[in-house]
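J.: Below are the structure tokens for one structure; questions will follow.
The values are calculated or read from the model by the stated rules, or taken from the named source; none is laboratory data. Everything quoted here is computed from the prediction, not taken from an experiment. Here the Cβ is made from the backbone with ideal geometry for all residues, glycine too, and neighbour counts use every protein chain on show.
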Amino acid sequence: MRMLLVVPLMASLAFKLYPSALKELQDMFKHHRTDVISQVLGCGVLMFVYIALLYISIGLIPTGIAITLFFSYPVFTALLAWKFFGDRPTFFRWLVMGIILVGSVLTIPPSSTSYSSSAITLGIIASVGAGIVYAFYCVIAQKCLEKFHPVPFTWISFATTLVLSGVSLLFWPIPSTQLDWTPMWIGSIFSGLVSFAGHTLNNLGIRMISATKASIIGASSPALTALVAWGTISETLSVIQSVGISVVTLGIALLSVERRS
């Protein structure tokens, strides 16, 4: 629903933000730049996969926990950047990554009547899996954005996600229950616009300062996400889980300090 509304809307807006977008798209296919095409479409597929996994996780465990586990992705991004770009993490960065992982473990909710052990396990796997997939997205995007502008790149990623989302409904159709569609469409528009803006800015950051740096800076929001979830949908967190979110945020802040140094 998000992509169905936002992809055509952003098509006109994106080309206004970057007037050369259409020419760049035409040149990409005209000159058969298969490397760029495969990277752009590959990132679109990865976007669909990580969003789907993240939504599954949010449906199974508290939103603040799912997002915090997802935001451990800078660890995976750093490892992938070391593998593909030779950006070897320092000892201090390894230490901070360990802090982030410890904080993520602290946020794992206990089994209860609200969340069964199987739901918690599947939610954790889906959330961490989303983070790993997003790390691949960032690293591949860094390579692609050296040759392609972030605005059309983001739009193609969204369009690919729209196609794959539509195809997925053939295999997992919507349950035949009565849904309140009006607020869902309104929420989809708002969510889509915010998501497109966020992805475009993140891709600009990847192009300007590399995937690892952008991931570290962009992953500074777990505590804010948990706060928003508490304020808007009344989700509660235990003391240990709150400490875990704080530890993750601290680790990300230390990584940012290390990078600036």
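J.: For the stretch 76-106, name all the residues that are within 13 Å of Gly131 (Cβ to Cβ) and surrounded by fewer than 24 Cβ atoms within 10 Å (Cβ to Cβ).
T.: Phe76, Leu79, Leu80, Met97, Leu101
J.: Where residues in the stretch 13-51 are of a type outside the set (Val, Ile, Thr), surrounded by fewer than 18 Cβ atoms within 10 Å (Cβ to Cβ) and modelled with pLDDT of 90 or more, which of them is farthest from Ala159 (Cα to Cα)?
T.: Filtering the stretch 13-51 for residues that are of a type outside the set (Val, Ile, Thr), surrounded by fewer than 18 Cβ atoms within 10 Å (Cβ to Cβ) and modelled with pLDDT of 90 or more, the one farthest from Ala159 (Cα to Cα) comes out as Gly42.
J.: Filter the stretch 54-68 down to the residues that are in a helix (DSSP H, G or I) and surrounded by 23 or more Cβ atoms within 10 Å (Cβ to Cβ) and list them by number. Spell out how you get there, then give the answer.
T.: Going through the stretch 54-68, the residues in a helix (DSSP H, G or I) turn out to be 54-60, 63-68.
Ser57, Gly64, Ile65, Ala66, Ile67, Thr68, listed by residue number.
J.: Inside the stretch 69-171, counting only helices (runs of 4 or more DSSP H) that do not spill past its ends, which hold 3 or more residues that are touching a residue at least 60 places away in the same chain (Cβ under 8 Å) and among the β-branched types (Val, Ile, Thr)?
T.: Because the criterion is at least 3 residues that are touching a residue at least 60 places away in the same chain (Cβ under 8 Å) and among the β-branched types (Val, Ile, Thr), the helices (runs of 4 or more DSSP H) in the stretch 69-171 that meet it are 91-106, 117-144, 150-171.
J.: Also, I was wondering about something else. Could you check the stretch 67-76 and list, in sequence order, the residues that are under 17 Å from Thr249 (Cβ atoms) and more than 12 Å from the chain's Cα centre (by Cα)?
T.: The answer is Val75, and nothing else.
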